[in-house]
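What follows is a single structure, written as structure tokens, with notes after it.
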Amino acid sequence: MGSLKSEDILEQIGEEASKEAILYVNGSRKVLPDGLAHLTLLEYLRRIGLTGTKLGCGEGGCGACTVMVSHYNHRMKKCSHYAINACLAPLYSVEGMHVITVEGIGNRAQGLHPVQESLARAHGSQCGFCTPGFIMSMYALLRSSQSPPSEEQIDECLSGNLCRCTGYRPILDAFRVFAKTEDSLYGPQPASLSVEESNFVCPSTGKPCSCRSGSPVDSETTRECIPRPQKYEAVSYSEVDGNLFADKELIFPPELLLRKMSCLSLSGVNGLKWYKPLRLKQVLELKSRYPDAKLLVGNTEVGIEMRLKRIHYPVLISTMHVPELNVLNVKDDGVEIGAAVRLSDLSTIFRKVVTERAYHETSTCKAFIEQLKWFAGTQIKNVASVGGNICTASPISDLNPLWMASRAKFRVIDGKGNIRIVLAENFFLGYRKVDLASGEILLSVFLPWSRRLEYVKEFKQAHRRDDDIAIVNAGMRVFLEKKDGDLVVADASIVYGGVAPLSIAARQTKEFLIGKTWNQELLQGALKVLRSDIIIKEDAPGGMVEFRRSLTLSFFFKFFLWVSQEMDGMRSIKEEIPSSQLSAIKPFQRSSVTGCQDYEIVKQGTAVGSPEVHLSSRLQVTGEAEYADDTPLPPNGLNAALVLSRKPHARIISVDASGAKSSPGFAGIFLAKDVPGKNKIGAVIDDEEVFAAEFVSCVGQVIGVVVADTQENAKLAARKVHVEYEELPAIFSIEDAIKAKSFHPNTEKFLGKGDVDLCFQSDECYKVIQGEVQMGGQEHFYLEPQSTVIWTVDGGNEVHMVSSTQCPQKHQKYVADVLGLPMSKVVCRTKRIGGGFGGKETRSVFLAAAACVPSYILNKPVKITLDRDVDMMITGQRHSFLGKYKVGFTKEGKVLALDLELYNNAGNSLDLSLAVLERAMFSSDNAYEIPNMRINGRVCFTNLPSNTAFRGFGTPQGMLIAENWIQRIAVELKKSPEEIREMNFQGEGSVTHYGQQLQHCTLDPLWNALKESCNFSNAREEADRFNLQNRWKKRGVAMVPTKFGISFTVKFLNQAGALVHIYTDGTVLVTHGGVEMGQGLHTKIAQVAASSFNIPLTSVFISDTSTDKIPNASATAASASSDMYGAAVLDACEQLKARMAPIASRKNFTSFAELAIACHAERIDLSAHGFYIVPDLGFDWKTGKGNLFSYFTYGAAFAEVEIDTLTGDFHTRAANVFLDLGYSMNPAIDVGQIEGAFIQGLGWFALEELKWGDAAHKWIPPGCLYTCGPGSYKIPSVNDVPMKFSVSILKGHPNVKAIHSSKAVGEPPFFLASSVFFAIKDAIIAARADAGLTDWFPLDNPATPERIRMACLDEFTAPLGSDFRPKLSV
């Protein structure tokens, strides 16, 4: 180990620099050896056993890896505490700092931190995989804030964290107890006060209630608001340690306070060199020595290039600690900003400047503040630098157009210290090319103050507001001067990003503007010039060409109106602008999310019916909960990586593994010829190969598996395997499959009722309409990637595995088949999974099948964990669908007949696609009475990775088609869709098109309760009034019902087993066949057992799901697990109680433990196996009749949205969801499921778009998935939650068909998010009406900003025509 060298020697930077690096982790001193420069902080933390910090995406897009770093600034004599993405931070970049992970702030043994406690109590953790990241983001905010943060600051600090389970509302509620707010809302009050006496207003509902008491009233039925925990406050604050909330919190290590910072010269694998200079001179010397070296601060761009783009940079220079590059000087004429200044610091200084300087001087600063708000997640802004963003020269940089527009000057320095000034508008030369010679670096940026009558404005439109790259952005400036009583343009700058290979100035438009009077004539002329000034080529990368063109015009139109309004008190054209036009520039005031949860508590026994927190919540908030990838590999363990096809359809000519075999750490490559048993697998039929032998039928198909000593070495070796192909024709879309008659064999299905043709021809039908509905797929985006650890026992006589799967039984079966072993010798265990949603039901199996081969042959443990981009590319998604409908109806709107053709895109294997199609066919009536129906369905074979189960399993697709034609009937008859829906509702005794009679139908009471709750008629009137007064912002409202059948549609799957043990200390161990994936299944099962034995919930423990305990278990799917496994556990409990009854009758035992001891003494068997089959099920496809479902879960939802018709941006102002869940076994968990499903549904309906290399997206390589990570695929974030989010569970309707009168909840709420989709369409209808268009129009889902904007016809989109339809991968 080298020693610290004195600074004079370090002037000769290079090999002589220090080789020692020190880091503190959770208060523990770590000396970092040389040779680790290739590691990220996350990799290091997980290597040393701190697995609470998770790998979710590896690109800083999900926040699961968030940790807090503390760094002492000797110059300012204070500490900075901030959240970062550990997956991007190079290990050596945090040298000399204190890193705190989720394990460091609290644990079960020593006590939870208030942040952890609050999140656990508020039901803010479901699967728990994202939880440590949320905890650390909030913790970092609290440590760094001298006073309590505002609710807005809390929302902003979570913008870089994603959750797929909760819907965010409970997380926000949990953290708001730390906010600067009215104490009386949260603080403890005298218990003697009644609701009336205290006049307490619930912070969630805004209405008087008794939620503050925190304890549910112990009666049969009670209105229950989720109680808020007490308000937390810091116990101390210092400049070094920040805020401390608990006595045991970690302080900043004293050694780091005293330690002088030193230069570093360290290395990594593959010749990587890492330097940390401390002076500008050292940076310049290094840059002279290594002209191609990459300068970095936060590694947010270089890290992505090295990981995702596989670019090798041999020399990295960290400039984070160079004082000359970190200057922030506020001067009389502007502000000087060092190139290494972090974006969060830039935002802070701008906010300070705005409060201190004259209003007219800070127009530019305000534009930067607003653009930085939406630039990225907090973790990225905390480390990304000004210079890094500039010199990356991304064509979609949010800041570069603003630097260019605002007259910024860049100071560039060379190796000799010579400085030259470059205007920002001249700095960008081409795609990722800037005006920097070899050896030059960007030193600083000078931003001048804006002048009187100079206005600067930012613009950005992305798929999602929070943490998203721009589709188009802009920076615009105009400088006006008075001339003859008019305001004339003296100077202007209009700069766009996202329209060319670089940020580009509209020079012709600028020339046109100069000298012109600022009026309507100028506006129209400028728009005309702009159309020809900014040209986007038809084949431009990124697509959406028409949308991007429209945004260039919309942004300038907004800028014109904004400047006109800003010129208050002067002679301007303000009078010429009608107030309705000003809606174009009216900022949307997004208020804090308020949630209301209304349900009754029906207690049954000690636990059932109680809103208990998730049993693993305290493990999850502390990072102690273990997932598959957290399983440690023994020293001889190997890591696996897949060799994947790069062609969508081809014959394999040869596989050359010579490059892989010479790769470091290589241990073996295994292909089809190496499989000991069967190479064929499949969910329903064996139509997939473990390893492709002769043909590949999609990009991402597995050809082989490579094992090596580390995951990185395995991936490196896999990339070196060269496969030679003979390419064959490929099919990607449903439309192409229909043309080519490319269908999976034996998948044609038919359902019918009545006589459709006769009805269409009869006089009863007032009108017959026909149309098509197409809908895109959806990525599951479970936060935990697919993962399996597999090992042999007794030299390969047995095989065991830990897998992240919803179906351990399938892993057991296919591993046994592939290895040629009996199933009895293969064991699969699953403790918990970090989200599944159907994506881990069957598509996790082929990974285990691939990994088991090297493990078995080499007799060594093997772990395989997919990178996020690979996971998304190869494991399948929700099916895209095409529906062709023909509907006949009466003059009043009563539906008489439906003729429907359904097609889904299965991909290259059948998987569960036929069952998904069948579900869609069964659900094509949604909740409507249709006397005559004919449905034909086909499963399309395409050369895409096999699609699979996803929450709803085809039901949402079938229902969406129904709601589309309902909405179209409403347009045809000039009625509201809600009116058409109501008159067509099914009711008690209705018979479906598959012959099942509806019993206990609660649709009417649900619908009426929702209507009353949301005051629909009033909401409709208010939206209409708003739309009359606003031309460019529109509001829409909608109410939508759902009817979701509960059961597997394959009869034999409706069975469940459980094992219950009673121990002599009175505790109970339960094992069942279901998998805990965040849905609270284990918690509900424990409640069933506790209530059955009349013991406390704490006395029941649920063991992991394992195939050697419960055999032949069905997948945890179809929303049926609580029903089935709850009943199986209850069966076992009843058996045990029956055995114990004779002993119990002898005397009054003081405790359950005493009774257990007495039974044991009498040799009573205290272990029982329970079993349950769902009764009265059976459907015959030949007759098309039978009982498909045990019962139905009914629901309805209302939504109100506001859209910006010029950009397509939208906000969900309110969502009100009602569900009939019988007597809920755990209302808090059920509410969490409703909210999570709704927000996930909102993603499918309005945000999440899969883009494949197909005819619609020719700029993507054929068959490749473009949207394969959080950078390009956008699930809902905190900012997408409805501002008013109400959830109600229908009261007084027990379900006679399921355990404890409850109902299934996982999937039914998903479709209710279509209320947002149809509210968006309602708002678009209002916008089109302003343009004189009242005809029906199609709106595909997802209703992204592109689809919303392009449907809102106006003068900017008119040239495209009224029937323009953005492209969609279907």
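The values are calculated or read from the model by the stated rules, or taken from the named source; none is laboratory data. Treat the numbers as computed from the prediction; the structure is a model and nothing was measured. Cβ: placed from backbone, ideal geometry, glycine included. Neighbour counts: every protein chain shown. Protein only, heavy atoms only, side chains kept; ligands, DNA and RNA dropped before computing areas. Shrake-Rupley method; radii C 1.70, N 1.55, O 1.52, S 1.80 Å.
Of note:
- Using only Cα coordinates, the Kirkwood hydrodynamic radius of the stretch 791-915 works out to 17.3 Å.
- Counted over the stretch 348-437 with a bin width of 10 Å, the fraction of Cα pairs per bin, in whole percents, is 15, 43, 33, 9, 0.
- A simple spin-label model places the labels of Glu255 and Lys1137 5.9 nm from each other, with each point 7 Å out along Cα-to-Cβ.
- Percent RCO, i.e. relative contact order, over the stretch 408-544, from Cα pairs under 8 Å lying at least 6 residues apart: 16
- Kirkwood Rh in Å, taken over the stretch 604-714 so that all alpha-carbon pairs contribute: 17.7
- Part-to-part distance (alpha-carbon centres) for the stretch 147-165 and the stretch 379-449, which is given in Å: 30
- Across the stretch 736-847, C-alpha contacts under 8 Å between residues 6 or more apart give a mean separation that, scaled by the residue count, equals a relative contact order of 25 percent.
- Carbon plus sulfur fraction of accessible area for the stretch 1080-1142, probe 1.4 Å, in percent: 56
- In this Cβ point-charge picture (+1 for Lys and Arg, -1 for Asp and Glu), the chain has a dipole of about 1660 debye about its Cα centre.
- With DNA, RNA and ligands ignored, accessible area of Arg618 (1.4 Å probe; Å², nearest 10): 100
- With a Förster radius of 25 Å applied to the C-beta separation of Asp484 and Arg507, the computed FRET efficiency comes to 0.35.
- Our Cα-only numbers for the stretch 640-790 put the radius of gyration and Dmax at 22.9, 78 Å.
- Sorted largest first by accessible area at a 1.4 angstrom probe radius, with every protein chain in place, the residues Cys391, Cys759 fall in the order Cys391, Cys759.
- A Förster radius of 25 Å, combined with the Cβ-Cβ distance separating Val768 from Lys741, puts the computed FRET efficiency at roughly 0.35.
- Mean projection of the Cα convex hull over all viewing directions, computed for the chain: 52.0 nm².
- Surface accessible to a 1.4 Å probe, per residue, for the residues of the chain, Å²: 35
- Of all aspartates and glutamates in the structure, those lying under 15 Å Cα to Cα from Lys331, and not within fewer than 8 positions of it along the same chain, are Glu356, Glu361.
- Rg over Rh, two decimals, the stretch 712-765 (C-alpha only, Kirkwood Rh): 1.40
- Charge tally around Ser70: other residues with Cβ under 10 Å, Lys/Arg +1 each, Asp/Glu -1 each, net 0.
- Cross-link pairs Lys831/Lys1109; Lys894/Lys1291; Lys720/Lys810 - those with Cα-Cα distance over 24 Å: Lys894/Lys1291; Lys720/Lys810
- Cα-based equivalent ellipsoid, the stretch 514-660: semi-axes from gyration tensor eigenvalues, Å: 56, 38, 15
- Charged-residue dipole, Cβ positions (Lys, Arg, Asp, Glu), the stretch 992-1150 about Cα centre, Debye nearest 20: 380
- Filter on Lys231/Lys1284; Lys884/Lys974; Lys739/Lys1251; Lys366/Lys483 - keep pairs with C-alpha separation over 26 Å: Lys366/Lys483
- Mean Cα-pair separation over length for the chain, i.e. relative contact order, pairs under 8 Å, 6 or more apart, %: 11
- Note on Lys260: lysines with a C-alpha under 22 Å away, same-chain residues under 8 apart excluded, are Lys5, Lys19, Lys30, Lys77, Lys78, Lys276, Lys281.
- Calculated on the Cα set of the stretch 273-385, radius of gyration then Dmax: 16.2, 48 Å.
- Cβ-based charge dipole, the chain, positive-most Cα from Ser658, Ala897, Ala740: Ser658
- When the charge dipole of the chain is built from unit charges on Cβ atoms (+1 for Lys and Arg, -1 for Asp and Glu) and taken about the Cα centre, the candidate among Val602, Ile534, Pro314 whose Cα reaches farthest toward its positive end is Pro314.
- Computed from the C-beta positions of Asp491 and Arg1365 and an R0 of 60 Å, the FRET efficiency is 0.90 to the nearest 0.05.
- Restricting the calculation to Cα atoms, every distinct pair contributes to the Kirkwood radius of the stretch 1059-1150, found to be 13.8 Å.
- Computed 3J(HN,Hα) for the stretch 585-599, one whole-Hz value per residue from the Karplus formula 6.51 cos²θ - 1.76 cosθ + 1.60 where θ = phi - 60°, is 10, 6, x, 7, 8, 7, 7, 5, 5, 10, x, 10, 10, 10, 7, glycine and proline marked x.
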